[in-house]
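Since the structure comes first, as structure tokens, the remarks are kept for the end.
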Amino acid sequence: QVRIVESGGGLVQPGGSLRLSCAASGNIFSIYHMGWYRQAAGKQRELVAIISSGGSTNVADSVKGRFTISRDNAKNTVYLQMNSLRPEDAAVYSCYAKVSDSWYWGQGTQVAVSS
């Protein structure tokens, strides 16, 4: 069992930055990879970024060059640094952890981008 707690969402102006945090607890040693999805109102859920247990990362083309995923193993926390935010980045961002065949999700955090 893995518990996921997200934080860091909020309202930011276009061009601004936010950092989302995703803290994992429980059976974290069995985590294959963690990442972030987002879903905007009326749109399909989109995989934003992923980081493997070995530290390999990948981000969606839509955020490449602006978003970075990283991890702090000592804190069992994954971060999503979001720079140069655009109105189209506004969504509910959800962190997940993949453990064997199971997926564990956080509660989601809202990101709003507006002037």
> Can you name the number of the only condition in (1) of a type in the set (Val, Ile, Thr); (2) within 20 Å of Arg3 (Cβ to Cβ); (3) in contact (Cβ under 8 Å) with a residue 24 or more places away in the chain that Val113 fails?
Replying inline: (2)
> Does the stretch 59-77 hold any residues that are within 12 Å of Val48 (Cβ to Cβ) and touching a strand residue (DSSP E or B) at 6+ places or on another chain (Cβ under 9 Å), and which are they?
Replying inline: Val59, Ala60, Ser62, Val63, Arg66, Phe67, Thr68, Ile69
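Please work out which residue is modelled with the highest pLDDT, limiting yourself to the stretch 25-42 and to residues that are more than 19 Å from Leu11 (Cβ to Cβ) and open to solvent by 50 Å² or more (accessible area, probe 1.4 Å).
Going residue by residue through the stretch 25-42, those that are more than 19 Å from Leu11 (Cβ to Cβ) are 25-35, 37, 42.
Next, only the ones that are open to solvent by 50 Å² or more (accessible area, probe 1.4 Å) stay: 25-27, 29, 32, 42.
On the way: Ser25: 89, Gly26: 86, Asn27: 78, Phe29: 74, Tyr32: 84, Gly42: 93.
Per the stated criteria, the residue is Gly42.
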>> Could you check the stretch 72-96 and list, in sequence order, the residues that are in contact (Cβ under 8 Å) with a residue 60 or more places away in the chain and either in contact with a His (Cβ under 8 Å, 6 or more places away or on another chain) or open to solvent by 80 Å² or more (accessible area, probe 1.4 Å) (or both)?
In response: Arg86
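The values are calculated or read from the model by the stated rules, or taken from the named source; none is laboratory data. Worth saying up front: this structure is predicted, and the values here are computed from it rather than measured. In this analysis, Cβ positions are derived from the backbone assuming ideal geometry, glycine residues included, and neighbour counts consider all displayed protein chains. Accessible surface areas use protein heavy atoms only, side chains included; no ligands, DNA or RNA. Shrake-Rupley method; radii C 1.70, N 1.55, O 1.52, S 1.80 Å.
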